[in-house]
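**Q** Got a structure for you, written out below as structure tokens; questions coming shortly.
What follows draws every value from the coordinates through simple rules; no lab data is involved. Everything quoted here is computed from the prediction, not taken from an experiment. For neighbour counting, all protein chains shown are included, and Cβ atoms are generated from backbone atoms with ideal geometry for every residue, glycine included.
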Amino acid sequence: MVQSDNFAVRNSELVDPTNGLFTVLGLVSLHLGGPYWWHSEDINNEMARGAVFRAYELGGSERAGLDVASITVADVTDDPTEPDISELSQCDILSLDDFLYKGIQEQLAADGMQLIQWMRSELNQADNLKGLVTPYIVMDQGKERQFIALRIKAKGRKVVIIGVFDIAKKEVLAKPIFNTLRDMVVLA
């Protein structure tokens, strides 16, 4: 089930409710699947603009606790600390990965979370899309959560897409989140 409170959400648009297809800021489209109740909300601040989609188990309630998974799509062009992926080469990855590690660790600590495992960033290129993938594991309110951050360039904008899922439920959550990231489309 997909819910988008269109009266309150402006940065994403539900374009196909039957298939859970959303667009975000006219930059990317993504499919939110699985047996989950998805709730969307805008992100609007000086460094990022976009949407976060939170997945809750059917029959559960968002008020009952943490979501079990989420997908965040943000235009981070105005954040001077975000790298321009179009300019990256393999020789840049090691120093950039160290920079991202320190920045993410500081941000998580400020948000009351703890980085418990870092996996090195990887620069991937397929067809006309170059992306930097950074996976890491976080302790968030007593739950281990897998984060997969994908940084791309879309329509000249720096975009970050972050998939998150509870590791305790990885057997059912990992595939839908990976599929959403893999099947995401950059809009022309």
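**Q** Could you work out the pair-distance distribution P(r) of the chain from its alpha-carbon pairs, with 10 angstrom bin width and percents rounded to whole numbers?
**A** It works out to 9, 37, 39, 14, 1, in whole percents.
**Q** Hey, another quick one. For the chain, what is the mean residue ellipticity at 222 nm derived from helices alone (per DSSP H run of n ≥ 4: -39500 (n - 2.57); sum divided by total residues; nearest 500 deg cm²/dmol)?
**A** The per-residue figure over the chain is -5500 deg cm²/dmol.
**Q** What shape does segment 127-188 have by the C-alpha gyration tensor, where a ≥ b ≥ c are the square roots of the eigenvalues, rounded means a/c under 1.5, and otherwise prolate means a/b greater than b/c and oblate the rest?
**A** prolate
**Q** In which sequence would Asp79, Asp16, Asp127 go, from the one with the fewest C-beta neighbours within 10 Å to the one with the most?
**A** Asp127, Asp16, Asp79
**Q** Still on this structure, please answer the following. Between Ala110 and Val15, what is the label-point separation in nm under the 7 Å Cα-to-beta-carbon projection?
**A** Each label point lies 7 Å from its Cα, and together they span 3.3 nm.
**Q** Multiply the residue separation of Asn44 and Val186 by 0.36 nm, subtract the distance between their alpha-carbon atoms, and state the gained length in nm to one decimal.
**A** 49.1 nm
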